[in-house]
1. Cross-link candidates for LYS30: which aspartates and glutamates have Cα within less than 18 Å, leaving aside residues fewer than 8 places away along the same chain?
2. For the chain, can you list the cysteines whose C-beta has no other cysteine C-beta under 4.7 Å from it?
3. With r defined as the distance between the Cβ atoms of ALA8 and ALA53 and R0 fixed at 35 Å, what FRET efficiency is calculated, to the nearest 0.05?
4. Can you list the residues, at least 5 places off or on another chain, whose amide H is less than 5 Å from the amide H of VAL9, using H built in the peptide plane?
5. For GLU20 and ARG42, compute 0.36 nm times the residue count separating them, minus their Cα-Cα distance, and round to one decimal in nm.
6. Is the shape of the chain best called rounded, prolate or oblate, per the rule: a/c under 1.5 gives rounded, else a/b larger than b/c gives prolate, else oblate, with a ≥ b ≥ c the square roots of the Cα gyration tensor eigenvalues?
7. Looking at the chain, which trypsin sites (Lys or Arg not before Pro) are in a loop (DSSP not H, G, I, E or B) and have at most 13 other Cβ atoms within 10 Å?
8. Nearest 10 degrees, 0 to 90: what angle lies between the long axis of helix 41-54 and the longest principal axis of the chain (Cα atoms)?
Amino acid sequence: MYVCLCKAVTDKEIKQAACEGACSMRCLNKMGVATQCGKCARDAKQILRSTRAEI
Ligand code: FES
């Protein structure tokens, strides 16, 4: 499922980034997440946080 429509980033990609060490929105920003309209920031942050909590 797309989380960031502007940059076409999926929840899977965010989870993978979290598993590979992304621990902040700054890391996700590098993938383009939340760099345009910003509407995805809240969901992306939540996915990042819950994935980091699982690992
Ligand atoms: Fe992610 Fe617009 S949906 S920046």
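Every number in this text was worked out from the coordinates using simple rules, so none of it is lab data. This is a predicted model, so every value here is computed, not measured. Here the Cβ positions follow ideal geometry from the backbone for every residue, glycine too, while neighbour counts run over all protein chains shown.
1. Excluding near neighbours in sequence, the set is ASP11, GLU13, GLU20, ASP43.
2. If one checks each Cβ against the other cysteines of the chain, CYS6, CYS19, CYS23, CYS27, CYS37 turn up with nothing under 4.7 Å.
3. Values: r = 26 Å, r/R0 = 0.74.
Once rounded, the FRET efficiency stands at 0.85.
4. So VAL9 has HN proximity to VAL3, CYS4.
5. On the way: separation 22, 0.36 × 22 = 7.92 nm, distance 2.04 nm.
Using 0.36 nm per residue and subtracting the Cα-Cα distance, I get 5.9 nm.
6. Working: a/c = 1.77, a/b = 1.62, b/c = 1.09.
Because a/c hits 1.5 or more and a/b exceeds b/c, the chain counts as prolate.
7. Details: sites: LYS7, LYS12, LYS15, ARG26, LYS30, LYS39, ARG42, LYS45, ARG49, ARG52; in loops: LYS7, LYS30, LYS39.
Of the trypsin sites (Lys or Arg not before Pro), the ones in loops of the chain whose Cβ has at most 13 other Cβ atoms within 10 Å are LYS30, LYS39.
8. For helix 41-54, the angle is close to 10 degrees.
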